[in-house]
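Q: This is the structure, below, for whatever I ask next.
The values are calculated or read from the model by the stated rules, or taken from the named source; none is laboratory data. The shown structure was predicted, so the numbers you read here are calculated from the model rather than taken from an experiment. Because the Cβ atoms are built from the backbone with ideal geometry, glycine has one as well, and the counts that use them run over all protein chains shown. The accessibility values were calculated without ligands, DNA or RNA, using every heavy atom of the protein model including side chains. Shrake-Rupley method; radii C 1.70, N 1.55, O 1.52, S 1.80 Å.
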Protein chains: 2
Amino acid sequence: ITNVIQVPSKSHYSLVQWKADGKMAVWLQVPISLSRCAAAAATHGFTFHHAKSDHSMLALWLGEGESRLPGFATHQVGVAGAVLDESTGKVLVVQDKNKTKNAWKFPGGLSDPGENIGSTAVREVFEETGVRSKFRSLLSIRQQHRHPGAFDMSDMYLICRLSPLTYDINFCPHECLRCEWLSVSELAETSSTTPITARVARLLLYGLEHGFDKIDLTMEELPAVYSGMLYQLYHRQLPAKS
Amino acid sequence: ITNVIQVPSKSHYSLVQWKADGKMAVWLQVPISLSRCAAAAATHGFTFHHAKSDHSMLALWLGEGESRLPGFATHQVGVAGAVLDESTGKVLVVQDKNKTKNAWKFPGGLSDPGENIGSTAVREVFEETGVRSKFRSLLSIRQQHRHPGAFDMSDMYLICRLSPLTYDINFCPHECLRCEWLSVSELAETSSTTPITARVARLLLYGLEHGFDKIDLTMEELPAVYSGMLYQLYHRQLPAKS
């Protein structure tokens, strides 16, 4: 989108003039203490684009047809960690407190802003179970829309494979009812689990028997072209280039 | 989080009383036309949690320590489609208009709210190139934080493998400078592409030579427990259960 202008909240402006000048859209950032300006802008057709902590951002589309302004973030990201002890074939599972069904699942939770997938898995596993672990791979991705826990937005839920660095369980009594190292083959067959956990247990079992390269998406960090910051890329590992 | 209360914007309320009652948090939904209430609430410590179109949502944490309220959506989701013609080994690529470097890449764009990954890929490919296609698998996931095009939020970028249903190119002149069916082996080697596109070209080449089960994450739809709505689950395909 070209011809987008940004307006300080107190400036005098002319929507008619901007439209005549061929401007496509107007953005209006409003500090929370001046929120009455948001109501005033709404009478001119502005709507909320998003809001963060101490300010809101409004937008008005001036171009032809429907707005082509990009939307704001649509997904929350949750990550669970399947900590697998390869020497015993056991995996770390928890039962949530305050749930009706006592289902075994992998510890996990929502990513903090700016947190990498693997870091969320390692952090949540430690917070819930007291077990330290290391990221190995991404195993599975679930997408779900109009998620009740996501303020009616979408949810992306990723399950990672982790390796244990410590083994002693010291689970969080606020979050967990039980926490155990459970045999992967048992987890793949039990009815006391969720469909997605059982599925990942079958993946882990297959990996134990046939090699983890059959189930893993490995991660690599590459530099972003424009910012120089690193991004994380996940896909099936390819054999080394000949 | 238990003990969360929701307040109509005009009701009289007592934060002191609620805190004494052990309430953990207060949510305040404010219509855009009454935004002056957001400024008033801010003087009591409320901050914006999020805003959508015609209303904002504010929150105030009353509990001990840092807020444990879940945050709002943190990621935008973008999807690209690698439409691979298996009979010719060619893949559909575009060059973006208005970019300095003329790099070949896969057509794609941001997901609309509530849109599945595969649907975004198929829609964006059609809008940019005029080619109809069918979702086959998920190939790669990239996570990037503080993304300039995402209002400083995070970006999740997924690349799908698609099969062509039509072959004639009729590309969008507003978005694309060029559009071609290019040999995958050429795309894997050329310098006129992005690192991530070259990587996916190598994946596709490997799939063509050794079978797509070696590179694909296949998708399955499962019913969500609480809502009955379907969710999409992606992982390496397992052999059929014996």
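Q: Tell me the label-point distance for the pair B:Tyr167, A:Asp168, using the 7 Å Cα-to-Cβ offset, in nm and rounded to one decimal.
A: Spacing of the two 7 Å Cα→Cβ label points: 6.7 nm.
Q: Now for a different question. Put a point 7 Å out from Cα along the line to Cβ at B:Glu209; what are the distances to that point in the other copies, in nm, shortest first?
A: Copy-to-copy label distances at B:Glu209, shortest first: 3.0 nm.
Q: Okay, moving on. Counting only protein heavy atoms, what percent of the accessible surface of the protein assembly as shown is carbon or sulfur at a 1.4 Å probe?
A: 51 percent
Q: Next up: In whole percent, what relative contact order does region A:90-214 give with Cα contacts below 8 Å and a gap of six or more residues?
A: The normalised contact order for region A:90-214 reaches 28 percent.
Q: Taking every DSSP beta bridge that has both residues in the protein assembly as shown, what percent is antiparallel when rounded to the nearest 5?
A: Percent antiparallel among DSSP bridges in the protein assembly as shown is about 75.
Q: Which value, in Å³ per residue, describes the convex hull spanned by the Cα atoms of region B:75-219?
A: 107 Å³
Q: Show me you know the interface measure: the accessible area buried between A and B, both chains summed, probe 1.4 Å, in Å² to the nearest 100.
A: Using a 1.4 Å probe, the pair buries roughly 6700 Å².
Q: Next up: For B:Val131, what residues show an amide H to amide H distance below 5 Å, using hydrogens built from the backbone and excluding near sequence neighbours?
A: Long-range HN contacts for B:Val131: B:Asn170.
Q: Counting DSSP beta bridges in chain B, what percent are antiparallel, to the nearest 5?
A: Bridges in chain B that DSSP calls antiparallel: roughly 75 percent.
Q: Further question on the same structure: Can you list the distances in nanometres, one decimal and ascending, from the A:Thr88 label point to the identical position in each other copy, with the point 7 Å along Cα to Cβ?
A: Inter-copy label distances (nm, one decimal, shortest first): 5.7.
Q: Output needed for the protein assembly as shown: three equivalent-ellipsoid semi-axes, defined as square roots of 5 times the C-alpha gyration tensor eigenvalues, in descending order, whole Å.
A: Working through the eigenvalues yields semi-axes of 38, 35, 17 Å.
Q: When you look at the Cβ of every residue in B:110-121, what mean number of other chain Cβ atoms sits within 10 Å?
A: Taking all residues of B:110-121 together, the mean is 3.
Q: Taking only protein heavy atoms and a 1.4 Å probe, what accessible area per residue, in Å², does region B:75-219 have with all protein chains in place?
A: Each residue of region B:75-219 exposes 41 Å² on average to a 1.4 Å probe.
Q: Return the average number of partner chain Cβ atoms within 10 angstrom of each residue Cβ along peptide B:148-161.
A: So the per-residue partner count for this stretch is 4.
Q: Quickly estimate the mean residue ellipticity at 222 nm for chain A, helices only: each DSSP H run with n ≥ 4 gives -39500 (n - 2.57), and the total goes over all residues, rounded to 500.
A: Mean residue ellipticity, 222 nm, calculated: -5500 deg cm²/dmol.
Q: At B:Glu220, label 7 Å along Cα→Cβ: distances to the other copies, nm, ascending?
A: In ascending order, 2.9 nm.
Q: Let me ask you something else. Kindly work out what percent of the DSSP beta bridges joining two residues of region B:62-185 are antiparallel, to the nearest 5.
A: That works out to approximately 70 percent antiparallel.
Q: Now, a different point. Averaged across the residues of B:186-198, what count of C-beta atoms belonging to other chains lies within 10 Å of each residue's C-beta?
A: 1
Q: From a point 7 Å beyond the Cα of B:Asp85 in the direction of its Cβ, which residues of region B:162-178 have a backbone N at a distance under 15 Å?
A: B:162-171
Q: Within a Cβ distance under 10 Å of A:Phe212, other residues only, what is the Lys/Arg minus Asp/Glu net charge?
A: 0
Q: Taking a cut-off of 18 Å between Cα atoms, list the aspartates and glutamates near A:Lys97, but don't count ones fewer than 8 places away on the same chain.
A: Within reach: A:Glu124, A:Glu127, A:Glu128, A:Glu175, A:Glu180.
Q: Still on this structure: Using a cut-off of 15 Å between beta-carbons, work out the net charge of the residues near B:Lys52 (Lys and Arg +1, Asp and Glu -1, B:Lys52 not included).
A: Net of charged neighbours comes to -1.
Q: Using only protein heavy atoms and a 1.4 Å probe, report how much of A:Phe72 is accessible, in Å² to the nearest 10.
A: The accessible area comes out at roughly 30 Å².
Q: Using the Cα atoms of region B:113-190, I'd like the radius of gyration and the largest Cα-Cα distance, Dmax, both in angstrom.
A: 14.3, 38
Q: I would also like to ask the following. I need the shape label for chain B. Rule: rounded when a/c is under 1.5, else prolate if a/b > b/c, else oblate, with a, b, c from the alpha carbon gyration tensor.
A: The shape class here is prolate.
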